[in-house]
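Nothing in this text is a laboratory measurement; each read-out follows from the coordinates by a stated rule. Since we're looking at a predicted model, the values are computed, not measured. Counting neighbours? That spans all protein chains shown, and the Cβs are built from the backbone with ideal geometry, glycine included.
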Amino acid sequence: MTTELHVSEITGTSEQLLSLLSKLHLSAFLPQGDAGWKAGDFRDIVEMQGVHVFVAQQGEEPIGFGVIRLVCDEAELITIAVEPQRQKCGAGAAIIKKIISFLKALKAEKFFLEVREDNKAAIKLYEANGFENIGRRAGYYQTLSGSRKDALCFALIITQ
Ligand SMILES: CC(C)(COP(=O)(O)OP(=O)(O)OC[C@H]1O[C@@H](n2cnc3c(N)ncnc32)[C@H](O)[C@@H]1OP(=O)(O)O)[C@@H](O)C(=O)NCCC(=O)NCCS
């Protein structure tokens, strides 16, 4: 049995996929005080036009995923999550790199995302993959404790 890390696009809206995304999202976001998204939330997202889901697997086991929305030549990262026990092993970077090469192949030009100002791991991941901070949205996020945090806006110009 291989334990190689690989990332692939998964299509469809099966209950199995929606529950998996919800489970991984909850496990990744809860420790940092954010509510996870439910399977129904993911159904609404995945059914939107232009949405693509990429799942990272260690061998056969799904350990993380990223969701983007591509409209014309601009993409947005909707969310990315890696199971806490599997973080800091390169899965997040593998998901982002896979998405960038997917966007490149489709000749997308810009890739945007927002991240909470205190999310060091995600900011490191984005900066290491060429994203630049282009702005800030004051009080954009509400945490489970009720406090508000700014969002940093990042952009990547995709060079062909
Ligand atoms: C952000 C997240 C997806 C990164 O996934 P990951 O698999 O740990 O990422 P990687 O192992 O590929 O690490 C990417 C970079 O971030 C760094 N990093 C990872 N976790 C870190 C942490 N807790 N603190 C500081 N840096 C961290 C790594 O060292 C690496 O940097 P390097 O390339 O210079 O070595 C993961 O931490 C996560 O799921 N967090 C909870 C959900 C979340 O915040 N999503 C982003 C919302 S915008």
GluC sites (Glu not before Pro) within the range 1-103: DSSP coil, no more than 14 neighbouring Cβ in 10 Å: Glu4, Glu47, Glu60
Kirkwood Rh (inverse of mean 1/r, distinct Cα pairs), the chain, angstrom: 16.1 Å
Please work out the Cα center distance from the range 10-46 to the range 108-140, rounded to the nearest Å. 21 Å
Kirkwood hydrodynamic radius, computed over distinct alpha-carbon pairs, for the range 83-133: how many Å, to one decimal? 12.0 Å
